[in-house]
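Asker: The structure under discussion is supplied below as structure tokens; questions concerning it will follow.
The values are calculated or read from the model by the stated rules, or taken from the named source; none is laboratory data. These figures come from a predicted structure and were not determined experimentally. Cβ coordinates were reconstructed from backbone atoms using ideal geometry, including for glycine residues, and neighbour counts include every protein chain displayed.
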Amino acid sequence: MGKRTFIGLIEAGEPLIRQALEAIHAYHTAQDAGQPDEDVERLRLLSESLYQVVCDYQLRVEAKARGEELPWLH
């Protein structure tokens, strides 16, 4: 895989990374503001889920760059 293709794959994940960071920030903001436990828990689950998706995406990009094929996660 060429360098340009690899960089393109990384950049393609940027909106997802941004979304995960925003979710983590919203979670911490809700915690600090003393929002109801159910709201904080919902935001925690969302932020953890998005973080995991970002990690999975990055692992797949790296594997593709090495010419490896990973099984589908879902």
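Asker: Write out, first by first residue and then by second, each pair whose Cβ atoms fall under 9 Å of each other, whose residues are 6+ apart or on separate chains, and whose first residue, in the range 47-68, is of a type in the set (Phe, Trp, Tyr) while the second is not in a helix (DSSP H, G or I).
Answerer: Tyr57/Gly13
Asker: Return a yes/no flag: does the range 13-33 have any residue that is surrounded by 11 or more Cβ atoms within 10 Å (Cβ to Cβ), of a type in the set (Gly, Ala, Ser) and at pLDDT below 90. Don't jump to the end; show me each part of the working.
Answerer: First, pick out the residues of the range 13-33 that are surrounded by 11 or more Cβ atoms within 10 Å (Cβ to Cβ): 13, 16-31.
So of that shortlist, the ones also of a type in the set (Gly, Ala, Ser) come out as 13, 20, 23, 26, 30.
Going one step further and asking which of them are at pLDDT below 90, we end up with 13.
Yes, that holds for at least one residue.
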